[in-house]
Amino acid sequence: MSKLWQKVMLFAISLVLGVVCMTQIRTTNNVLGNEDPQNIASQLDNELAELTLQKNELREELDALKQTAKENEEIYDAKEAELERLKEELANQQILSGYYEVKGPGTIITIDSEPNSYVSLASSHQYILALISYLNNAGVEAISINGQRYTNYTEIVPVLDHINVNGVALVLPLEIKAIGNSRTIDASLNFVGGIVSQLSQIGYTIETENSSEIFINKYDGEKEFKYAVPITIEEE
Amino acid sequence: MNIIIFILVFTVSAAIVNGADAGVDENTIYALKNLNNYEKNVKDMREVVKNLQDEVLYEKSQAKDLDNDNFLEAMIEMNHQIEELKFYNGFTDVRGPGIMLRVSDSLSDDENLDIMDKIVHDVDITVLLNDLKSAGAEAIDVNGKRIVNISEVVCAGPVLKINGEAVPAPFVIRAVGDQEKLYNVVTEEGTYAYDLKNKYGMEVAAIMSYNLKIPKFYGINSENKFAQSAE
């Protein structure tokens, strides 16, 4: 009996010890894992250092990209502004040249002879020239005479009883269109002894009509330069 | 038998204690305590790096294409057109052969002449300029004021007003073009200049020149405020 008891005791103790022993080992493994925690900490340390380095590099790259983008934006804006300025200058010169149709507010002046009076347009051509000069004095930006645009090279030539403008024969009535400030035009033409009263004195009737929108034709001829050459900056 | 059991239990207990220790020293415990923090830091840092990478990619994709070539081409083309028009419009200094015409008030003692007929008027200059244009003048100036299609030549008391500035006599008109034609249009009998000289006694003198320099237009009102393109 005592031998059997001893064997049972031994078996029981061994069983308990085995279970305790294995539990202990498993618990240790669970807590520490397969690897040494110091190793893991060291690996994490290394990774953190690498990530920090990467973060700094990316931050620098991002700053540089943002700076470049800002500079590019400024350059782009400056270029856009320059293009805009050139477009305006081009449009301005195109209008001045007379090679483009233009519209705007202004005055239409109609010149005709007084009923029952004979006037020679050819012998009065200097009055038409003076009228244009006074329109320019009023700051007009485009002029046409019976549809003929007054350009830099337009001449008014007396021929027989009529006048040639841009080589085209014009007779009375003359319709002179001018784009500009109507009030200034009126003041420039209608002063005492001014061009309107001069024309009236020699037998013409002058009617003026202000309009908020006048269309002026373009000049469709060509000008060839044979003698004048531009002076370049080097020559100056 | 008891002794055997005692030895066995003692050995196993010792093994257990030894096993439980498992090299867990103070450093290991400290490391274990901080391991979670480390892991959190690393995770956060990974996220920061990922966000930065995304931002860099975004910035790269947003970078504006400055399109230098097209821009330069447009600029060159536009400048070329502007220069051409400026030359045509009288906004460029030019040189070339032509004539110089000097006009000043009459010094004639002829008492039959009205005093007003002895003075050079705005219309006289206007007609002379028109005559020069009809003779093919390509560039004209009066006392350094370039004559263009928006130039005015009007009376302003004792002086003329040209391109917004006062111009006193004597008036020196310079025109670039065919010298013969220009000379003839201001000297031949029946021309306006001929009459000014021979009928009214005004000082009118023309000479040819092989190299005249005509300045560009310097007007104050060369910007269009009213006219706009209708095309």
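The values are calculated or read from the model by the stated rules, or taken from the named source; none is laboratory data. No experiment lies behind these values; they were computed from the predicted model shown. Note that each Cβ is placed from the backbone with ideal geometry, even for glycine, and that neighbours are counted across all protein chains shown.
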Open item on the list: Kindly evaluate A:Leu48 against the criterion of being in contact with an Asp or Glu (Cβ under 8 Å, 6 or more places away or on another chain) and surrounded by 16 or more Cβ atoms within 10 Å (Cβ to Cβ).
Closed with: no
TODO: For the stretch B:150-163, name all the residues that are surrounded by fewer than 23 Cβ atoms within 10 Å (Cβ to Cβ) and in contact with a Phe, Trp or Tyr (Cβ under 9 Å, 6 or more places away or on another chain).
DONE: B:Val154
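Of everything in the stretch A:202-236 that's hydrophobic (A, V, I, L, M, F, W, C) and assigned to a loop (DSSP other than H, G, I, E, B), which residue is farthest from the other protein chains (Cβ to nearest Cβ)? Quick ask: steps written out before the conclusion?
The initial filter retains those residues of the stretch A:202-236 that are hydrophobic (A, V, I, L, M, F, W, C), namely A:202, A:206, A:214-216, A:225, A:228-229, A:231, A:233.
Add one more test, that the residue is assigned to a loop (DSSP other than H, G, I, E, B), and what stays is A:202, A:225, A:228, A:231, A:233.
Details: A:Ile202: 13, A:Phe225: 5, A:Ala228: 4, A:Ile231: 4, A:Ile233: 10 Å.
For the stretch A:202-236, the residue satisfying everything is A:Ile202.
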- [ ] Sort out for me the strands (runs of 3 or more DSSP E) sitting completely within the stretch A:125-194 that have 2 or more residues that are within 12 Å of another protein chain (Cβ to nearest Cβ).
- [x] A:142-145, A:156-159, A:162-165, A:174-179
TODO: Test each condition in (1) touching a residue at least 60 places away in the same chain (Cβ under 8 Å); (2) within 42 Å of the chain's Cα centre (by Cα); (3) under 15 Å from A:Ala130 (Cα atoms) for A:Ile206 and report the one that comes out false.
DONE: (2)
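Is it the case, given these coordinates, that A:Leu199 is over 42 Å from the mean Cα position of the chain (by Cα) and outside any helix (DSSP H, G or I)?
Values: over 42 Å from the mean Cα position of the chain (by Cα): yes; outside any helix (DSSP H, G or I): no.
Considered against the rule, which asks whether it is over 42 Å from the mean Cα position of the chain (by Cα) and outside any helix (DSSP H, G or I), A:Leu199 comes out as no.
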- [ ] Report the residue count in the stretch B:174-195 for those that are over 11 Å from B:Asp131 (Cβ atoms) and touching a residue at least 40 places away in the same chain (Cβ under 8 Å).
- [x] 6
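Would you say A:Ile233 is closer than 14 Å to A:Ala130 by Cβ, out of contact with any strand residue (DSSP E or B) (no Cβ under 8 Å at 6 or more places or on another chain) and either surrounded by fewer than 19 Cβ atoms within 10 Å (Cβ to Cβ) or modelled with pLDDT under 90 (or both)? Steps first, answer last, please.
On the way: closer than 14 Å to A:Ala130 by Cβ: no; out of contact with any strand residue (DSSP E or B) (no Cβ under 8 Å at 6 or more places or on another chain): yes; either surrounded by fewer than 19 Cβ atoms within 10 Å (Cβ to Cβ) or modelled with pLDDT under 90 (or both): yes.
No, not satisfied.
For the structure I just gave you, tell me whether B:Val127 is of a type in the set (A, V, I, L, M), in a loop (DSSP other than H, G, I, E, B) and over 35 Å from the mean Cα position of the chain (by Cα).
Numbers: of a type in the set (A, V, I, L, M): yes; in a loop (DSSP other than H, G, I, E, B): no; over 35 Å from the mean Cα position of the chain (by Cα): yes.
For B:Val127, the condition - of a type in the set (A, V, I, L, M), in a loop (DSSP other than H, G, I, E, B) and over 35 Å from the mean Cα position of the chain (by Cα) - is not met.
Here's the yes/no breakdown for (1) in a helix (DSSP H, G or I); (2) closer than 30 Å to B:Gln228 by Cβ; (3) among the charged types (D, E, K, R):
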| residue | (1), (2), (3) |
| --- | --- |
| A:Met9 | yes, no, no |
| A:Ile25 | yes, no, no |
| A:Glu47 | yes, no, yes |
| A:Asn56 | yes, no, no |
| A:Glu73 | yes, no, yes |
| A:Tyr76 | yes, yes, no |
| A:Lys79 | yes, yes, yes |
| A:Glu88 | yes, yes, yes |
TODO: Taking only the stretch B:189-231 into account, find how many residues are among the β-branched types (Val, Ile, Thr) and either in contact with a Cys (Cβ under 7 Å, 6 or more places away or on another chain) or in a helix (DSSP H, G or I) (or both).
DONE: 0
Open item on the list: Between A:Gly221, A:Gly193, which is over 20 Å from B:Leu85 (Cβ atoms) and out of contact with any helix residue (DSSP H, G or I) (no Cβ under 9 Å at 6 or more places or on another chain)?
Closed with: A:Gly193
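Among the candidates A:Ile108, A:Ile143, single out the residue that is touching a residue at least 60 places away in the same chain (Cβ under 8 Å) and surrounded by fewer than 17 Cβ atoms within 10 Å (Cβ to Cβ).
Values: A:Ile143 fails: surrounded by fewer than 17 Cβ atoms within 10 Å (Cβ to Cβ).
Matching residue, one of A:Ile108, A:Ile143: A:Ile108.
Within the stretch B:133-141, is even one residue surrounded by 12 or more Cβ atoms within 10 Å (Cβ to Cβ), without any contact (Cβ under 8 Å) to a residue 40 or more places away in the chain, of a type in the set (Gly, Ala, Ser) and in a helix (DSSP H, G or I)?
no
Pick from A:Tyr76, A:Tyr100: which is of a type in the set (Ser, Thr, Tyr), surrounded by 14 or more Cβ atoms within 10 Å (Cβ to Cβ) and modelled with pLDDT under 90?
Working: A:Tyr100 fails: modelled with pLDDT under 90.
Only one candidate passes the filter, namely A:Tyr76.
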Open item on the list: What are the pairs with Cβ atoms under 9 angstrom where one residue, in the stretch A:65-90, is aliphatic (A, V, I, L, M) and the other, located anywhere, is modelled with pLDDT under 90 and not in a helix (DSSP H, G or I)? Sequence gap at least six, or different chains.
Closed with: A:Leu65/B:Ala63; A:Ala69/B:Ala63; A:Ala69/B:Lys64; A:Ile75/B:Leu66
Task: Any chance A:Leu121 is touching a Leu at 6+ places or on another chain (Cβ under 9 Å) and at the interface with chain B (Cβ under 7 Å from one of its Cβ atoms) - done: no
Task: Cross-chain or 6+ apart pairs with Cβ under 7 Å, the stretch B:90-119 first and farther than 19 Å from B:Tyr192 by Cβ and in contact (Cβ under 8 Å) with a residue 12 or more places away in the chain, then surrounded by fewer than 21 Cβ atoms within 10 Å (Cβ to Cβ) and of a type in the set (Val, Ile, Thr) - done: B:Asp93/A:Ile231; B:Val94/A:Val229; B:Val94/A:Ile231; B:Arg95/A:Val229; B:Arg95/A:Ile231; B:Gly96/A:Val229
Open item on the list: Exactly one condition in (1) of a type in the set (S, T, N, Q); (2) out of contact with any helix residue (DSSP H, G or I) (no Cβ under 8 Å at 6 or more places or on another chain); (3) in a strand (DSSP E or B) is false for A:Thr107; which is it?
Closed with: (2)
Open item on the list: Any residue that is crowded, with 20+ Cβ neighbours inside 10 Å and acidic (Asp, Glu) - is there at least one of those in the stretch B:165-174?
Closed with: no
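For the stretch B:158-188, give me each residue that is more than 11 Å from chain A (Cβ to nearest Cβ), touching a Pro at 6+ places or on another chain (Cβ under 6 Å) and not in a strand (DSSP E or B).
Just the residues of the stretch B:158-188 that are more than 11 Å from chain A (Cβ to nearest Cβ), to begin with: B:158-159, B:165-174, B:180, B:183-184, B:186-188.
From the residues that got through so far, the ones that are touching a Pro at 6+ places or on another chain (Cβ under 6 Å) too are B:159.
If the condition is that a residue be more than 11 Å from chain A (Cβ to nearest Cβ), touching a Pro at 6+ places or on another chain (Cβ under 6 Å) and not in a strand (DSSP E or B), then no residue fits.
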